[in-house]
Amino acid sequence: MQPKKLVILTFQNLLRLVLLFQCNFSYIVTSYTKTYYMSNLLETKEVSKYFGEFQALDAVSIQVPKHSIFGLLGPNGAGKTTLIRIINQITMPDTGSVFLDGEPLQRHHVQYIGYLPEERGLYKSMKVGEQALYLAQLKGLSYSEAKKRLKYWFDKLEIGHWWDKKVEELSKGMAQKIQFVVTVLHQPKLLIFDEPFSGFDPINANLIKDEILQLRDEGATVIFSTHRMESVEELCDHIALIHESKKILDGKLNDIKRDYKTNSFEVGLLSDNKRALKQTIEAKFKVAPADFKSLHDDLKLNISLGSDGTSNDLLGFLTSQAQVLHFKELIPNASDIFIETIQNIKS
Amino acid sequence: MVALMFFVGYLSSVNNDTVRSIYVLDDTGFVSETFKTTDYTIYNHLSEVDLETAKILANQENAYGLLHIPKMPIETVSNFIKFYSEESPSLSFISSLESKIENKLSELKLQNEGVDLALIEASKMYVDINQESFEGVKTSKVGSLMKLGFGGAAGYLLFMFIIIYGNMIMRSVIEEKTSRIIEVIISSVKPIQLMLGKIIGTSLAGITQFAIWIVLGAVIMFAASSIFGIEMSQTPQQEMVNEALSNPESTDKIQMIINEFHSLPIANLVIAFVLFFIGGYLLYSSLYAAIGAAVDNETDTQQFMLPVLVPLILAVYVGAFTVIEDPHGTISTVFSFIPFTSPVVMLMRIPFGVPLWQQIASLLILIATFIFTVWFAAKIYRVGILMYGKKPTYKELFKWLKY
């Protein structure tokens with residue numbers, strides 16, 4: 001081989017290598033950024049908002065993972081609704097940014113979001129069908145598509161016969177169903193419900209809850225703002241707690257619960273001499289009276305083990321003293337966490 | 001509306017349909033020939049009876065009334081003529097009687113003085129000063145009236161349109177607020193889009209409504225008058241109008257009005273009307289939308305309405321008084337530049353011929369202001385539609401601008 005040719009060949013190979021590396025590198029970079037963003041459908045970064053002197057949001061950052069049900073919790077006036085309005089581009093943040101699916105929030109993103117506000121209503125003198133069609137078209141659906149989907153949903157919720165009724169003829173719960181349908185009709189990636197169950201009777205609340213879960217299973221991500229903790233417990237897998245304009249807690253609900261558990265156990269003990277038994281236990285552990293339902297007249301206690309000590313140690317000790325009827329780890333529920341966190345902040 | 005007009009017209013024609021029979025007791029014999037029976041008025045001339053018998057007779061026969069002219073010399077009789085009737089007679093009827101008697105008595109008096117009536121008729125002169133501008137454009141005082149009519153109609157139409165449809169916009173904003181649908185809507189469209197859409201939509205609906213009224217009105221009017229036309233032209237009032245129209249003097253005037261109409265700056269008028277109408281309407285309606293957004297219910301709008309209504313009413317009054325006085329005077333000119341009054345005042349001035357640069361300058365000021373008010377209103381609107389509860393003060397509204 002001529003040296004000249006060899007040089008060219010080597011050069012070519014070198015070039016190829018560089019190209020390959022570059023390709024790979026850019027591939028790695030894009031796939032990294034993608035996976036990084038892709039895991040979260042929505043992110044807010046240091047979002048702040050002032051209304052005059054009043055600061056409604058103070059550098060709030062949240063990450064809403066895809067296909068999750070994300071609970072946005074907080075007392076009244078904490079800033080939940082303001083944050084939701086910023087996500088919906090109803091108000092603009094003063095500082096900070098919002099990303100939907102990795103892209104900075106833009107006007108056209110409204111069609112990927114379905115929003116059911118807390119203060120919700122419909123045009124009272126307009127017919128149900130017309131109104132639903134109008135609202136669906138505002139979200140970018142074509143007339144025929146909107147009509148097709150509305151028919152599906154109206155049949156599903158068994159409200160087809162309301163089509164030609166005026167909204168003022170409907171009860172509050174009935175109107176809420178229509179609002180729910182309109183919210184989910186354009187199959188948004190992100191669903192935002194602000195207090196969705198207020199105004200529903202238990203049967204319809206359950207119906208809506210099941211629909212929300214089904215939508216999540218079909219690929220939607222749900223942000224769920226409420227102060228009703230039992231629905232948080234039932235539905236949410238991630239939460240963020242906002243208090244006085246600041247985010248004070250967020251993460252996976254189970255992780256948070258693990259952090260907040262106190263290594264305490266609820267026990268029921270059968271004994272002839274409850275007082276003596278109680279004194280014996282009090283001598284070794286921190287004890288508080290407990291209250292739960294049981295068939296027997298047993299001694300009911302909450303026993304706290306502190307940082308050291310395992311359930312087996314406790315169980316061993318208890319079985320040596322009395323007959324154990326009830327033994328349960330105390331896991332804090334969302335409501336406890338909510339109250340405790342806010343009280344900690346205050347004190 | 002048209003149906004209502006016709007109903008009223010029909011009612012008044014029924015009202016006038018009744019044939020009036022009038023008894024005339026003319027002791028002097030001066031006026032007996034003046035009163036000739038027509039379709040709707042029958043004059044029964046009495047003679048050789050005294051007043052009391054005539055009264056009883058007229059009453060028995062259910063006559064409309066009794067006209068009595070006592071026996072007196074012509075110089076004094078005018079104060080002693082009396083009309084007796086069951087109910088108080090209609091004003092128009094009495095005045096028509098008066099004018100008939102007056103004419104007759106004056107003629108008689110002239111004759112008594114030995115004046116030749118034919119000579120008087122022949123010597124009557126009508127003066128009409130023909131006006132012409134230095135450029136050779138002919139005008140007249142009838143023309144001025146006509147210009148005033150056109151300008152006034154245009155200005156007033158704008159005024160009414162703003163009041164009616166501005167209120168409609170305001171009410172629809174309040175409705176969206178109180179029904180709480182607003183938050184759903186603005187999660188799909190921008191507040192400013194919603195506001196402008198509302199303004200444009202309402203105005204188009206308003207124009208359509210106006211157009212339908214006018215077209216429908218014209219059609220029904222035409223249809224109705226071709227069906228009922230013959231009957232309607234025979235009411236007593238119509239008779240009087242017809243008499244006036246047959247006067248040669250007034251046909252001249254009609255001819256002149258038509259000429260004047262042709263000499264109006266029609267193209268300028270129409271273009272200016274459209275532009276100032278749109279500008280003025282957008283200016284005010286955006287303010288109405290902002291008011292609607294600031295409050296929760298209609299009763300709270302009062303305090304914000306005043307500052308909007310004052311310039312509007314001022315514009316109409318300035319238009320109605322100063323423009324008539326002098327269309328190119330200082331006040332009229334100044335007010336036709338101030339953006340809140342310029343649409344109405346300028347529209348009233350334009351038929352009198354306003355230099356083009358003034359029109360353009362005024363229009364530019366108007367457009368600049370209207371862009372500013374739309375921006376201002378959009379700010380208030382954006383914040384206001386999500387504010388519930390207490391009625392804001394002006395200070396708070398000002399704060400909202402900074403949100």
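Just so it is clear, none of the values below were taken in a lab; they were calculated from the coordinates. Note that the coordinates shown come from a computational prediction; the quantities given were computed from them, not determined experimentally. Counting neighbours? That spans all protein chains shown, and the Cβs are built from the backbone with ideal geometry, glycine included.
Assuming charge only on the beta carbon of Lys and Arg (+1) and of Asp and Glu (-1), the dipole of the stretch A:194-265 about its Cα centre is about 400 debye to the nearest 20.
Look at the dipole of the protein assembly as shown built from charges on Cβ: of B:LEU216, A:SER304, A:ALA220, the Cα furthest out on the positive end belongs to A:SER304. With neighbour counts taken as other beta-carbon atoms within 10 Å, the residues A:ARG149, A:ARG120 rank, fewest first, as A:ARG149, A:ARG120.
Can you give the charge dipole size of the protein assembly as shown about its Cα centre, rounded to the nearest 20 debye, using +1 on the beta carbon of Lys and Arg and -1 on the beta carbon of Asp and Glu?
Working: 68 positive and 78 negative charges, 951 e Å.
That gives a dipole near 4560 debye.
With the cut-off at under 17 Å, measuring from each backbone N in the stretch B:282-298 to a point 7 Å along the Cα-to-Cβ line of B:PHE210 picks out B:282-286. Averaged over the residues of peptide B:217-226, the number of Cβ atoms from other protein chains lying within 10 Å of each residue's Cβ is 0. Can you find, among B:ILE331, A:SER39, B:TYR23, the residue sitting farthest towards the positive end of the charge dipole of the protein assembly as shown, where Lys and Arg contribute +1 and Asp and Glu -1 at Cβ? The residue sitting farthest along the positive end of the dipole is A:SER39. Once both axes come from the Cα atoms, what is the angle between helix A:143-156 and the longest principal axis of chain A, in degrees from 0 to 90, rounded to 10? Long axis of A:143-156 versus the principal axis of chain A: about 20 degrees.
Quick check: from the Cα gyration tensor, does chain A come out rounded (a/c under 1.5), prolate or oblate?
Working: a/c = 2.27, a/b = 1.26, b/c = 1.80.
Note, shape of chain A comes out oblate.
Peptide A:115-125 has a mean of 5 when you count, residue by residue, the C-beta atoms of other protein chains within 10 Å of its C-beta. Distance from the C-alpha centroid of the stretch A:279-329 to that of the stretch B:160-186: 65 Å, rounded to the whole angstrom. Taking other C-beta atoms within 10 angstrom as a stand-in for reagent exposure, B:SER187, B:SER92 fall in the order B:SER92, B:SER187, fewest first.
Taken about its Cα centre, the stretch B:18-123 carries a charge dipole of roughly 160 debye when the Cβ of each Lys and Arg holds +1 and the Cβ of each Asp and Glu holds -1. Each peptide in B:374-381, B:198-205 receives the mean, over its residues, of other Cβ atoms within 10 Å, and ordering these scores from highest gives B:374-381, B:198-205.
Straight-line cross-link reach from A:LYS189 at under 17 Å between alpha-carbon atoms covers these aspartates and glutamates, not counting any fewer than eight positions away in the same chain: A:GLU43, A:ASP101, A:GLU103, A:GLU211, A:ASP217, A:GLU218. For B:LYS399, the aspartates and glutamates whose Cα comes closer than 17 Å to its Cα, not counting residues fewer than 8 places off in the same chain, are A:GLU53, A:ASP94.
Shown for B:TYR388, A:TYR260: other C-beta atoms within 10 Å of each C-beta, ranked fewest to most, produce the order B:TYR388, A:TYR260. Only lysines eight or more places from B:LYS55 in sequence, or on another chain, were considered; those with a Cα closer than 23 Å are B:LYS36, B:LYS71, B:LYS82, B:LYS100.
Distances between placed amide hydrogens fall under 5 Å for B:ILE42 paired with B:ARG20, B:SER21, B:ILE22, all partners being 5 or more residues away or on another chain. Each peptide in B:328-338, B:281-291, B:154-164 receives the mean, over its residues, of other Cβ atoms within 10 Å, and ordering these scores from highest gives B:281-291, B:154-164, B:328-338. Taking amide hydrogens as placed 1.01 Å from N in the peptide plane, the amide H of A:PHE51 sits under 5 Å from those of A:ALA56, each at least 5 positions away in sequence or on another chain.
Angle between the Cα long axis of helix A:311-321 and the longest principal axis of chain A, 0 to 90 degrees, nearest 10? Relative to chain A, helix A:311-321 is tipped by roughly 20 degrees.
Which pairs break 28 Å Cα to Cα here: A:LYS49/B:LYS177; A:LYS66/A:LYS139; A:LYS66/A:LYS209; A:LYS177/B:LYS190; A:LYS177/B:LYS402; A:LYS261/A:LYS346? Distance filter (> 28 Å) returns A:LYS177/B:LYS402.
For A:85-91, what's the mean count of beta carbons from other chains sitting within 10 Å of each residue's beta carbon? Mind showing how you got there, number by number?
Working: counts 4, 0, 1, 5, 4, 9, 6.
Mean number of neighbouring Cβ atoms from other chains: 4.
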